[in-house]
1. Which trypsin sites (Lys or Arg not before Pro) in segment 68-116 pass both tests, a DSSP loop state and at most 15 other beta-carbon atoms within 10 Å?
2. Counting DSSP beta bridges in the chain, what percent are antiparallel, to the nearest 5?
3. Can you give me the angle between helix 174-206 and the longest principal axis of the chain, using Cα atoms only, in degrees from 0 to 90, rounded to the nearest 10?
4. Work out how much length GLN65 to TYR127 would gain on full extension: take 0.36 nm times their residue separation and subtract the Cα-Cα distance, in nm to one decimal.
5. Of LEU300, LEU196, how do they rank once you tally other Cβ atoms within 10 Å and put the fewest first?
6. Subtract the Cα-Cα distance of ILE265 and ALA213 from 0.36 nm times their separation in residues, and report this length gain in nm to one decimal.
7. Treat segment 1-115 as a sphere of radius equal to its Kirkwood radius over Cα pairs and apply Stokes-Einstein at 10 °C in a medium of 1.306 mPa s; give the translational diffusion coefficient in µm²/s, rounded to a whole number.
8. Choose one answer from GLN82, GLN198, GLN156: the residue with the largest mean-square fluctuation in a GNM of the chain with alpha-carbon springs under 10 Å.
Amino acid sequence: MLTQLTVSNLRNITKLSLQPISGINLILGENGSGKTSVLEAIHLLAMGRSFRTRSLKNAIQFDQQQLQIIANTSSETPVGLQYDKNNGLKIRLNRAPLKRLSELAMQLPLQFVPANCHQFFEQGPRYRRQLLDWGLFHVEPSFNSHWQSYKKILQQRNSALRQHKPASEIQLWDAHLAAHGEAITTLRKQQLERVLEQFSVLFARLCPVYESAKFTLKYRNGWVKGATLEQALSGSLVRDQQLGYTRSGSHAADWSFKINDADPIEMFSRGQQKLFFLALCMVQARMAEHSNRDRSILLLDDISSELDVKHQQNVMDELARLPVQTFVTATHFEVKSSGIIKMFHVERGELR
Ligand SMILES: Nc1ncnc2c1ncn2[C@@H]1O[C@H](COP(=O)(O)OP(=O)(O)OP(=O)(O)O)[C@@H](O)[C@H]1O
Ligand SMILES: [Mg+2]
């Protein structure tokens, strides 16, 4: 978690320093004042990328050459990020250049809840896999090595397919790819079973109208039912050769929780969909706390979008009970919190 944050030349923020608390940090301000930009700065620092733009040039303040974000963590590890129009991105962790982004993810575990997170169900499976894999990365140490190996082998197999290599050369990769893919599937299912257990309880508190609903796990491996991944890869070789890439595997998996045997998107209102997404993030943050030494960070942009005051209250009560450092933005705030809140008022990119 962060103990200090300084942002320079990011969007409308020329220079802003704040000392967040370990609980709930509430960032208030009018439309366009710079609230989401503060979250963007934290996201950029913890993940090495923005949630708003692929090209960081757009995030640099107009007429400036570079943006800078500097922070300190509760473990006294300084983190610094600089993006310069000419020299690109530089990140320093504990006063040394960063080698891998996963080091940063380990140091500053972060989940981002966008204002439109209710679209979780409509978006592609990649988004749902990312959410699940975030939890696994922090909870299950072997997951990352399986995933890194899987990705590398998949790239090599795809490259062989693109170059129209003979079938025997493509199939060289299958056994290894399948071994890691099967391991990933097992870990993902285990994690989802654990998430589901806690999710049912937490979601009932956020959304009491579904207090007695029954949630069940729906998981799609990413390859044909009833086959092993190795069999599926072999069975779809001709199709893969035509496509020029590997279609089946853990990179094509998807999951959801069914509610009373129906898909949430067919049952839930938009506010309920937002609460569903929030509950997933909260459960994973709680699980990650057991394996990380430090609190993870939860960014919640625009709490009031899609949620009425009563349900915002439920969210705040739940956040107050969670072992996470939260940054919540809102244009106005009518909710009482049972926890300790520190408020920051932003006006034209400055703290007021
Ligand atoms: N590169 C840039 N340089 C300067 N200003 C920028 C840049 N990009 C965006 N802005 C402006 O920065 C301001 C901050 O936007 P931000 O999205 O952080 O506001 P917000 O407080 O979250 O507003 P809302 O309540 O509408 O979500 C906006 O006025 C935006 O137009
Ligand atoms: Mg905003």
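Throughout, read-outs are computed from the coordinates displayed, never taken from laboratory work. In this text the structure is predicted, and so the values were computed from the model without any measurement. Glycine gets a Cβ as well: all are built from the backbone with ideal geometry, and neighbour counts include every protein chain shown.
1. The qualifying sites are LYS85, ARG95, LYS99, ARG100.
2. Looking only at bridges with both residues in the chain, the antiparallel portion is about 65 percent.
3. The answer is roughly 40 degrees.
4. Additional length available on full extension: 19.1 nm.
5. Listed from fewest to most nearby Cβ atoms, that is LEU196, LEU300.
6. 17.2 nm
7. 111 µm²/s
8. GLN156
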